[in-house]
Every structure is written in structure tokens, then in C-alpha cells.
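> Take a look at the following structure, please.
The values are calculated or read from the model by the stated rules, or taken from the named source; none is laboratory data. Keep in mind that what you see is a predicted model, and the values were worked out from it rather than measured. Positions of Cβ are generated from backbone atoms using ideal geometry, with glycine treated the same way; all protein chains shown enter the neighbour counts. With ligands, DNA and RNA removed, areas are computed over all heavy atoms of the protein, side chains included. Shrake-Rupley method; radii C 1.70, N 1.55, O 1.52, S 1.80 Å.
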Amino acid sequence: MTRGAAGLCRFRGGARRGGPGVTPGPSGGAGGMAAAASGEGPELEPAPGLAMEPEPEPESEPALAAELSARRSAEARRLVLSPRRLSGPLPAGLSQWFPALEVLDVSGTGLAEMGTELLSLPCLHTLLAKNNRLGGPGSLPKGLGQAPLARSLRVLNLSGNRFSEVPPELLQVRGLRSLSLGGNRLHSIPPDIQELRSLEFLYLGGNFIMAIPPELAKLPSLRYLVLCDNKIQSIPPQLAQLHSLRSLSLHNNLLTYLPREILNLVHLEELSLRGNPLVVRFVRDLTYNPPSLQELAGRTVKTRNVPYAPSDLPDSLVRYLSLASNCPNPKCGGVYFDSCVRQIKFVDFCGKYRLPLMHYLCSPECSTPFSSASQSSTSQSESDSEDEASVAAHRMQKVLLG
């Protein structure tokens, strides 16, 4: 794993000593965005001469307000308040003292609520609020989605807080490109995550997430997805629709297989899977529920190309017939709807790893037969599957299993 990839799933411990720092000048652009999102890169420098004790006492809002008011600057672009301890929300007047503020770092300050003053920072594009006490009711100000901040904010880091769910207010910040909620108490990913269509970097590692909603695949710009150190047991095949994805971190979960559709992630350069059961064992599941009469009829219509028009059938049946999936066995040519055989097959990646991928077949007859003939020669379907994987292997520059 490269140093940058390791940084995706590593929290930076502790905070630097110092008081509120003000840095004039323009912001750092895309490079600064990535550094801020992942926790890598140089930290914002505190102002000299304001050194504090390692364990500062909680500071009253009036005292902080007086200090910031004395340091007001119409040209300041960056402000660092960490690592002092704040007793209340951001002080009123912050937007008047620093009207051009673009980067605000309140990490490690013990904040339990941001306060409404945050809404009055129209130029803010990066907010770092790691390792605080955010997560309770009122942690984020009401009206966030309607404030100018919702249009300007690009990078938001709330890792190391106490959120048990993704705040609904965040899903209204449609311009976000980087969102970090690692090390919280999340148990799920809301389907409305699809509203953040500008998102390029999503960090949800170190939570208690058990499932990935298919709606996550509706983020067309997503390049880096970090879901490590959770309790995820399966990957929805829809994830293969993330055509911009470059890095997928899934290590330290409960995965026993991956969907075969993952081979369609043509731009994926890094796939991290270490610490999952699939690395040391695989599961074969041949449970098969016989198809219903409706499915048998639908299979016949599709495989024999029986002509029909929307006017011939109820709308529900027309929709049902449109959901047919082709059996991957090249000797079969059949289709299936709800009834299928799930089968694990190993495919080669990078000529080194045998990765278990899930195959969906239309019937048990399409699975690899357990006969002497099959033991002496590889079935056509398995050969084709491995050929498919070998074609995709050159696209996968790094598969991190160890």
C-alpha cells in the first residue's frame, strides 16, 4: 500500500499546540482539498506567541470573542482555533471579523455544536471539525441547506465525533466534493447520499455500517471511497456503476465474496480487501428456490423471443419482463428473474491472487457439475469467467489482500 493509500484509513492522533492562528492569502486549490480531506499534508500554522498548555481549561465564549475581535482581519483566509477547549458554539461576530474566511479548523476543541454563526461565512470552502463532541441534536445549525455556505462548502471533515447517523442537513450541501465521517457511530448510509452528486471523496471508515445502499452508485464523480473497519457483509452489484472510482477501501469488514460486476470498474487502481473472510476462505452457496409459474412463463417469453407489445400485457408484466438477467453460462443462453443459483468462483487478479466473485446462474444445471469429467477438465463457463477476469486484470494495478 502506498503512503497516500495508508493515509486514507489512518486517523492522525493528537493535536498541535497553539492558539487561534490566522493566515492571510489565497487558498490551496484542489491539492489542499485532498490534503484536508485525508488528514495528510501540512497543518494550518497557529499564530506565534499564543502557546497554550497541553490540557487547556474550557474557554468562555466572551473571552474567545474578545481575542478574535482584537485579531480581526478583512483579508484573512484561514483560521485555526484548535487545540483549545471551547465551552460554547462559534462566537457571534466571527463572520464580521473575518469576512473573507475560506478555511476554518476547529478540530480538537471539544465543540458540541457549531452554532448559527457558521451560516454567515459565505466564502468558506473547507471546514475541519475532527475529534470533537459533535453528534447530538443541534450539532449543525438549522437552515444549513438554505444558507450561502451550502453553495460554497467543498470540504467537510467531521471524523472522530459522535454522529450515529449522517446528519440530514449535510445531504443538502450539494456542492460538497469531500466528506469525512470516519470514526463516528454510524450504523447505516442513508439512500439520500445520492443527492451529493459532486462528491469525489467519501470517508466512512471506522464505524458500524453493515450494508451499502445501492443509491451510493449514483455518485458520478466519486473517485475515492473508504468503507474500511466496518461490519459490511456484501457489496451491491450496482457499485460497478461508479465509473470514476479510482480507489476502494474495504479492508477489515465481513466480506466473503465480491459481485462479479466489480470487474466493470475499469478505472479502479486500488482495491483494499485485507482482513476480510474472503481472503482466507470462500463460501459456496447453491441454495436454489424453484422459479414461480410467472417466472417460468417470463423465461419462455424471453428465451423464445415471443413477440409482445405494451398493449398486450398489463404494465406490471411489461416491467417484470424488462428485469430479465442473462445467464453468464455461454452454453445456456437462458435468463432469470428472481430465482437463480448463487455460486462462488475464483478468478485471477494480477496473476497472483485468486479472488472469489459471485456468479448468478439461471439453474443448477448451469453450475459446474461435480462429475469425473468436470474434475479432469475445466468447464466452458468457468474458463470464460477466468478469461474475463484476465482481461480485466491489467486494469487493476493494486489489489491489497495482505
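> Provide the percentage of antiparallel DSSP beta bridges, counting only those with both residues in segment 66-200; round to the nearest 5.
In segment 66-200, approximately 0 percent of DSSP beta bridges are antiparallel ones.
> Here's a follow-up. Between H187 and K331, what is the spin-label point distance in nm, taking each point 7 Å from the Cα along the Cα→C-beta axis?
4.8
> Still on this structure: Accessible area per residue of segment 195-343 at 1.4 Å probe, in Å²?
I get 49 Å² per residue for this part.
> Let me ask something additional. Considering only C-alpha atoms, what is the centroid distance from segment 76-146 to segment 158-213, in Å?
19
> Compute the whole-percent fraction of alpha carbon pairs in segment 149-269 spaced more than 25 Å apart.
Roughly 16 percent, once rounded to a whole number.
> Can you work out ³J(HN,Hα) from phi for every residue in segment 124-140, in order, using Karplus 6.51 cos²θ - 1.76 cosθ + 1.60 and θ = phi - 60°, giving whole Hz and x for Gly and Pro?
So the J values, rounded to whole Hz, are 5, 10, 9, 10, 10, 9, 6, 6, 10, 10, 5, x, x, x, x, 4, 10.
> When the accessible area of segment 95-174 is computed with all protein chains present and a 1.4 Å probe, what percentage of it is carbon and sulfur?
48
> Two decimals is fine: what is log10 I(q)/I(0) at q = 0.13, 0.16, 0.21, 0.28 Å⁻¹ for segment 193-258, from a Debye sum with one equal scatterer on every Cα and no solvent?
With one equal scatterer per Cα and no solvent, log10 I(q)/I(0) is -0.31, -0.47, -0.84, -1.40.
> In nm, to one decimal, how far is the Q238 label point from the S221 one, both placed 7 Å along Cα→Cβ?
Taking the two extended label points, one gets 2.1 nm.
> Figure the gain on full extension for N289 and E269 (residue separation times 0.36 nm, minus the Cα-Cα span) and round it to one decimal in nm.
Result: 3.4 nm gained on full extension.
> May I ask you to derive the FRET efficiency for V318 and R342 from their Cβ-Cβ distance with R0 = 30 Å, giving the value to the nearest 0.05?
0.65
> Taking a ≥ b ≥ c as the square roots of the eigenvalues of the Cα gyration tensor of segment 77-198, is the shape rounded (a/c under 1.5), prolate (a/b larger than b/c) or oblate?
In terms of gyration-tensor shape, oblate.
> Between E365 and A309, what is the label-to-label distance in nm when each label sits 7 Å out along the Cα-to-Cβ direction?
Each label point is offset 7 Å from its Cα along the Cβ direction, giving 3.5 nm.
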